[in-house]
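In what follows, a single structure is set out as structure tokens and then discussed.
The values are calculated or read from the model by the stated rules, or taken from the named source; none is laboratory data. The model shown is predicted, which means the values in this text are computed figures rather than measured ones. Note that each Cβ is placed from the backbone with ideal geometry, even for glycine, and that neighbours are counted across all protein chains shown. These accessible areas exclude ligands, DNA and RNA; they are computed on the full protein's heavy atoms, side chains included. Shrake-Rupley method; radii C 1.70, N 1.55, O 1.52, S 1.80 Å.
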Amino acid sequence: MDDAEYRASNSATTANALPAYDTGASGEGVKVAVVDTGINPNLPEFTGRIDPASQDVAADRGLVDDNGHGSMVSGVIAANRDGIYMQGVAYEATILSLNVGDPAGCKPGNDCFLDSALPTAIDLARTNGAKIINMSFGDEEGMTADIWDAIQRAVDAGIIIVMAAGNSGTGAPNSFAVQNIQDNGSSGLFIIAGAMGANRSIASFSDRAGTGLPAQFYLTALGVGNATVDEFGQHVAVNGTSFATPTIVGAAALLAGAFPNLSGSQIVELLLTTADDAGAAGTDAVYGRGILNIGRAFEPQGATTLAGSSAAISLSENGAMSGAMGDALSSSAGAIILDGYSRAFVLNLARTLRRNAQEQPLRQAIGGETYRTAGSSVGPISVALTIRSNFAGEPRLGLEPTRLANEDRQSARAIAGMAIGRLTPRSKLAFGFSQSARALQQQLAGYEDNAFLVARDPMSRAGFHPRADTSIGFRHNFGPLAATVTRESGKVRNAGPDRRLQGDEYHIDAVTLDRRLGRATLRLGASRLRERNTVLGGRFSSILSSGGSSTDFLDAAASFDFGRGWGAIASYRYGRTRMPGGGALAGNGRLTSDAFAFDLAKSGLFAPGDKIAVRIMQPLRVRAGGLKLNMPVSYDYSTGEAAYEFRLLGLAPEGRERVYEVAYGGSIGAGYVDLNAFLRTDPGHVETMKTDLGAAIRFTVRQ
């Protein structure tokens, strides 16, 4: 639609009509009465656009335009979109041309209309079904009671009347427009059109909005250099509030055609309330209500609800996806919604779901605070605490059991801990606070993960950052086979640097079996994640789902010791998520997801005690599935009823994150050095994200 013909149509472009055209609005089916000097019916710009009831009201000249003014006004409203020069604002509207041009010619002061013909023309507009009347004239001599009576009949019929403000450059509209507003302003059916230039400044010749009631109905539109055609079909650029008037009439016709439920007063209200503010803030004495903005008038206004329902729905945010969903929702079927004027719009629900914030894993791993771990063992019981130092603003705690120096006690906070006790030679029990059940399971099994900063264990997260509150684990050795049972409770964190706590609870119950076969160790685990209000960490509003989810994970891992310090580990996680039905759209859903990692490590590479490891990892990613929603997909204005269909709101991303990381650790002099380098492709499972590359060096002094 944004082609050469549209761009040449400056009445439309200046009024931002393109968004309306993009919705299919064209003014089709809307009849506009042009009370003016007639029209040339032979011009291609008006082929198919002239109503059969069009006539010469002032004489018996047939369908002609001896002056040109009427043809130029009609061109601004409804010139054909035919690839020739320009198009009208409402290029498929129908013109009811009512010629009131004085057969004797124009009188002094450019008064070209026969006043006695006006009442008949206005009545003809009413009786022939015009929705809008264009009055591109102002103070006329001989304004009689018959004219006012005819206008009153038009108002009683709900017809919109758009009047020119006048071209005298005065501080208020012409008296004809002012009198109409004073007499019938309460009907909400009048607009006074002021003229501006392409620079959006009021034209020097345009009468201003003035003060009081007229300013409330004054709207500014292009009235300088308007592209149109004259009575000979010549391409012309014309000036005057006479041409700002049909620009506004065309806008009203677009609204009337696109939204047949709107009354005339609602159309006027929409045009006035969606205007761009200009001049002094609010309604002012120059621009009145502001500058016409058709695109904004075609946006939903007021409270929005699902069609066929009273359920409120947001235009901007109906939830937030999790990290496992990445860049999903690149396309989605739209739902029909109604705005405060009961106008139907298509809302792409995908665009109302916020994408998960991008993680900065290296910064999160090493930035901010300093951590220390202290631990001790007494008989069969081992206790460990992790301490966060230099944590500004936290209360000072006495931590005597950690045996920290006094200055450390004054600036430290315990952030995690665990206690492991041996119950029998074959059984162990572990408790943790701010410690994941996965960490307990690894401790109970005597398993130590490689020291990666970015390519973290994909089995430790389920699409979100967990903040474990409490965890418990029990392990029993049956001989060649051992079983570990764990339970974890905590809260969901958002992704991103701040990892803000959402306060949504989760619980994980898991059982893991492991067995050593020579140099190999095999592990098989099953777990169930239950989230109260989230889905793999994502949150959906009540319009989409009743909230919460349940996910079953199956984990498999195998490690092998090749000897001479070489070892390899491969792990894979598969998940199935269920989202219960509920919400105004009866949303329920199913997801499948997976994650994997492969490690290759070598101990004693350069010196005894050092270690280098390489990992390739994919964090949990939704493979398929989404929310199945019973969505309104069409709306009938005549009955006020919506048709519903089940549509899938897919949550599987296009992107696929891969993390490649090398980690080295070893002793150097009086300390220990850690080196990490990583590369992330499609970070966050977002295909368009740039590759993330980084490295870190840490040196710890032995104490």
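I'd like to know if segment 388-397 contains one or more residues that are closer than 30 Å to R680 by Cβ and either modelled with pLDDT of 75 or more or assigned to a strand (DSSP E or B) (or both).
Within segment 388-397, one or more residues are closer than 30 Å to R680 by Cβ and either modelled with pLDDT of 75 or more or assigned to a strand (DSSP E or B) (or both).
Across segment 159-168, what is the number of residues that are hydrophobic (A, V, I, L, M, F, W, C) and open to solvent by 70 Å² or more (accessible area, probe 1.4 Å)?
0
Anything in segment 119-168 that is more than 14 Å from L98 (Cβ to Cβ), touching a residue at least 40 places away in the same chain (Cβ under 8 Å) and touching a Lys or Arg at 6+ places or on another chain (Cβ under 9 Å)? List them, or say none.
Listed by number, the residues that qualify are K131, G158, I160, A165.
In this structure, does G171 turn out to be loosely packed, with under 15 Cβ neighbours inside 10 Å and touching a residue at least 12 places away in the same chain (Cβ under 8 Å)?
When the stated conditions are applied, G171 passes them.
What are the residues in segment 305-341 that are assigned to a loop (DSSP other than H, G, I, E, B), open to solvent by less than 20 Å² (accessible area, probe 1.4 Å), modelled with pLDDT of 90 or more and over 20 Å from L620 (Cα atoms), if any?
Hits for segment 305-341 are A307, I313, D339.
Tell me, yes or no, whether segment 3-10 has at least one residue that is polar (S, T, N, Q) and either in a helix (DSSP H, G or I) or open to solvent by less than 30 Å² (accessible area, probe 1.4 Å) (or both).
Checked against the condition, which is being polar (S, T, N, Q) and either in a helix (DSSP H, G or I) or open to solvent by less than 30 Å² (accessible area, probe 1.4 Å) (or both), segment 3-10 yields at least one hit.
Search segment 537-558 for residues that are under 18 Å from K628 (Cβ atoms) and touching a residue at least 24 places away in the same chain (Cβ under 8 Å) and pair each with any residue that is of a type in the set (D, E, K, R) and not in a strand (DSSP E or B) when their beta-carbon atoms are under 6 Å apart and the residues are at least 6 apart or on different chains.
Every condition considered, the pairs that remain are G548/R532.
Considering only residues of segment 683-703 that are β-branched (V, I, T) and not in a strand (DSSP E or B), which is farthest from Q618 (Cα to Cα)?
T688
Would a scan of segment 55-72 turn up a residue that is in contact (Cβ under 8 Å) with a residue 60 or more places away in the chain, in contact with a helix residue (DSSP H, G or I) (Cβ under 9 Å, 6 or more places away or on another chain), polar (S, T, N, Q) and open to solvent by 40 Å² or more (accessible area, probe 1.4 Å)?
Checked segment 55-72: at least one residue is in contact (Cβ under 8 Å) with a residue 60 or more places away in the chain, in contact with a helix residue (DSSP H, G or I) (Cβ under 9 Å, 6 or more places away or on another chain), polar (S, T, N, Q) and open to solvent by 40 Å² or more (accessible area, probe 1.4 Å).
Just to be sure before I move on: is S593 over 28 Å from P632 (Cβ atoms) and either surrounded by fewer than 20 Cβ atoms within 10 Å (Cβ to Cβ) or at pLDDT 95 or above (or both) in the structure I sent?
Taking the combined requirement at face value, the residue satisfies it.
If you go through segment 200-221 one residue at a time, do you hit one that is more than 35 Å from the chain's Cα centre (by Cα) and basic (K, R)?
Yes, segment 200-221 contains at least one residue that is more than 35 Å from the chain's Cα centre (by Cα) and basic (K, R).
How about segment 549-579: which of its residues are outside any strand (DSSP E or B) and touching a strand residue (DSSP E or B) at 6+ places or on another chain (Cβ under 6 Å)?
Within segment 549-579, G565 is the sole residue that qualifies.
Looking only at segment 136-154, which residues are assigned to a helix (DSSP H, G or I) and over 22 Å from T247 (Cβ atoms)?
A145, D146, I147, W148, D149, A150, Q152, R153
Can you find a residue in segment 138-156 that is modelled with pLDDT of 95 or more, of a type in the set (S, T, N, Q), farther than 30 Å from R81 by Cβ and within 46 Å of the chain's Cα centre (by Cα)?
Checked segment 138-156: at least one residue is modelled with pLDDT of 95 or more, of a type in the set (S, T, N, Q), farther than 30 Å from R81 by Cβ and within 46 Å of the chain's Cα centre (by Cα).
I need the full set of residues from segment 458-506 which are assigned to a strand (DSSP E or B), farther than 15 Å from R438 by Cα, open to solvent by 20 Å² or more (accessible area, probe 1.4 Å) and at pLDDT below 85, in order please.
First, pick out the residues of segment 458-506 that are assigned to a strand (DSSP E or B): 465-477, 481-493, 501-506.
Checking the rest, the ones that are also farther than 15 Å from R438 by Cα come to 476-477, 481-482, 491-493, 501-505.
Restricting the remaining residues to those that are open to solvent by 20 Å² or more (accessible area, probe 1.4 Å) gives 476-477, 481, 491, 493, 501-503, 505.
Across segment 458-506, the qualifying residues are R493, L501, Q502, G503.
So, in segment 3-48, how many residues would count as being more than 27 Å from the chain's Cα centre (by Cα) and among the polar types (S, T, N, Q)?
7
For segment 440-452, state whether one or more residues are closer than 14 Å to Y506 by Cα, hydrophobic (A, V, I, L, M, F, W, C) and either assigned to a helix (DSSP H, G or I) or open to solvent by 20 Å² or more (accessible area, probe 1.4 Å) (or both).
Checked segment 440-452: no residue is closer than 14 Å to Y506 by Cα, hydrophobic (A, V, I, L, M, F, W, C) and either assigned to a helix (DSSP H, G or I) or open to solvent by 20 Å² or more (accessible area, probe 1.4 Å) (or both).
Among (1) acidic (D, E); (2) within 24 Å of R523 (Cβ to Cβ); (3) open to solvent by 30 Å² or more (accessible area, probe 1.4 Å), where does D599 come up short?
(3)
Can you say whether G210 is on the phi > 0 side of the Ramachandran plot and open to solvent by less than 10 Å² (accessible area, probe 1.4 Å), as far as the supplied structure shows? Don't jump to the end; show me each part of the working.
Details: on the phi > 0 side of the Ramachandran plot: yes; open to solvent by less than 10 Å² (accessible area, probe 1.4 Å): yes.
The answer is yes for G210.
When you go through A90, A104 one by one, which is the residue that is aliphatic (A, V, I, L, M) and buried (at least 21 other Cβ atoms within 10 Å of the Cβ)?
Within the list A90, A104, the selection yields A90.
Need the failing condition index for F606 against (1) farther than 25 Å from A335 by Cβ; (2) in contact (Cβ under 8 Å) with a residue 40 or more places away in the chain; (3) assigned to a strand (DSSP E or B), just the number.
Status for F606: all satisfied but (3).
For G75, state whether it is crowded, with 18+ Cβ neighbours inside 10 Å and small (G, A, S).
yes
Under the condition of being part of a loop (DSSP other than H, G, I, E, B) and without any contact (Cβ under 8 Å) to a residue 60 or more places away in the chain, which residue from segment 183-203 is surrounded by the most Cβ atoms within 10 Å (Cβ to Cβ)?
Looking at the filtered set, the residue picked out is A203.
Just one of (1) in a helix (DSSP H, G or I); (2) within 44 Å of the chain's Cα centre (by Cα); (3) within 17 Å of K131 (Cα to Cα) trips up V162, so point out which.
Checking V162 against (1) in a helix (DSSP H, G or I); (2) within 44 Å of the chain's Cα centre (by Cα); (3) within 17 Å of K131 (Cα to Cα), the one that fails is (1).
Are any residues in segment 75-102 over 9 Å from G38 (Cα atoms) and of a type in the set (G, A, S), and if so, which ones?
Once the filter is applied, which keeps residues that are over 9 Å from G38 (Cα atoms) and of a type in the set (G, A, S), segment 75-102 yields G75, A78, A79, G83, G88, A90, A93.
For segment 634-670, what are the residues that are surrounded by 12 or more Cβ atoms within 10 Å (Cβ to Cβ) and not in a strand (DSSP E or B)?
Y637, G640, L651, A652, P653, E654, G655, R656, E657
Out of the residues in segment 615-629 meeting the condition of being buried (at least 17 other Cβ atoms within 10 Å of the Cβ) and either of a type in the set (V, I, T) or under 21 Å from the mean Cα position of the chain (by Cα) (or both), tell me which one is modelled with the highest pLDDT. Don't jump to the end; show me each part of the working.
Initial filter on segment 615-629 (buried (at least 17 other Cβ atoms within 10 Å of the Cβ)): 615, 617-622, 625-629.
In the following step, the residues that additionally are either of a type in the set (V, I, T) or under 21 Å from the mean Cα position of the chain (by Cα) (or both) were identified as 622, 626-629.
Working: V622: 96, G626: 91, L627: 89, K628: 88, L629: 88.
Within segment 615-629, the match that is modelled with the highest pLDDT is V622.
Report yes if some residue within segment 146-158 is in contact with an Asp or Glu (Cβ under 7 Å, 6 or more places away or on another chain), more than 30 Å from R61 (Cα to Cα) and open to solvent by 10 Å² or more (accessible area, probe 1.4 Å); otherwise report no.
Within segment 146-158 (the criterion being in contact with an Asp or Glu (Cβ under 7 Å, 6 or more places away or on another chain), more than 30 Å from R61 (Cα to Cα) and open to solvent by 10 Å² or more (accessible area, probe 1.4 Å)), the answer is no, since none of the residues qualifies.
State the number of residues belonging to segment 507-542 that are within 30 Å of T304 (Cβ to Cβ) and either touching a helix residue (DSSP H, G or I) at 6+ places or on another chain (Cβ under 9 Å) or surrounded by fewer than 15 Cβ atoms within 10 Å (Cβ to Cβ) (or both). Walk me through it before giving the result.
Residues of segment 507-542 within 30 Å of T304 (Cβ to Cβ): 531-542.
Adding the requirement that they be either touching a helix residue (DSSP H, G or I) at 6+ places or on another chain (Cβ under 9 Å) or surrounded by fewer than 15 Cβ atoms within 10 Å (Cβ to Cβ) (or both) leaves 532, 535-538, 541.
Number of matching residues: 6.
Just one of (1) open to solvent by 50 Å² or more (accessible area, probe 1.4 Å); (2) closer than 20 Å to A320 by Cβ; (3) not in a strand (DSSP E or B) trips up L585, so point out which.
(1)
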